[in-house]
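Nothing in this text is a laboratory measurement; each read-out follows from the coordinates by a stated rule. Computed from a predicted structure; not experimentally measured. Note that we place each Cβ from the backbone using ideal geometry, even for glycine, and neighbour counts take in every protein chain shown.
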Amino acid sequence: MAETIGSLADKISIIQLKIFHMREQLARADATEEHKAACAGRLDVMGIQLRDLGDEMTQLVSDVAAGRVKLKIYRQFKMYNDPRYRAKAV
């Protein structure tokens with residue numbers, strides 16, 4: 001499973017922000033009809049993506065709750081800003 005609950009929540013929040021800003025574009029008084037039509041088409045696609053992500057989140061949470069899926073914890077092994085991983089100056 002490539003997605004986690006956190007990664008899905010992140011994607012959902014990002015698409016929500018994109019939808020918000022795309023709706024702002026539709027409301028612009030100075031926007032051309034061509035621009036508004038393009039934005040409306042993109043908004044339709046984003047709505048589909050949002051529903052798909054929501055469905056995937058619902059399914060994953062349901063599977064976890066039912067014990068069909070066990071979430072894995074992936075540890076972060078960050079090496080930057082850690083002096084233990086810097087070569088000693090010669």
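For the reader, a short list of remarks on this structure follows.
- Rg/Rg_ref, the range 27-73, where Rg_ref = 2.2 N^0.38 Å and atoms are Cα: 1.91
- Residue (of ALA27, ALA66, ASN81) at the positive-pole extreme of the range 1-84, dipole from beta-carbon charges: ASN81
- Residues LYS36, LYS78 arranged by fewest to most Cβ contacts within 10 Å: LYS78, LYS36
- The C-alpha atoms of the chain define a longest principal axis, and helix 33-65 lies at about 40 degrees to it.
- Note on LYS70: lysines with a C-alpha under 27 Å away, same-chain residues under 8 apart excluded, are LYS11, LYS78.
- Fewest-first sequence of ILE15, ILE48, ILE5, ILE73 by Cβ atoms within 10 Å of each Cβ: ILE73, ILE48, ILE5, ILE15
- Which labelled figure in [x] -0.81, -1.22; [y] -0.66, -1.08; [z] -0.67, -1.26 is log10 I(q)/I(0) by the Debye sum over Cα atoms at q = 0.17, 0.26 Å⁻¹, once derived from the coordinates: [x]
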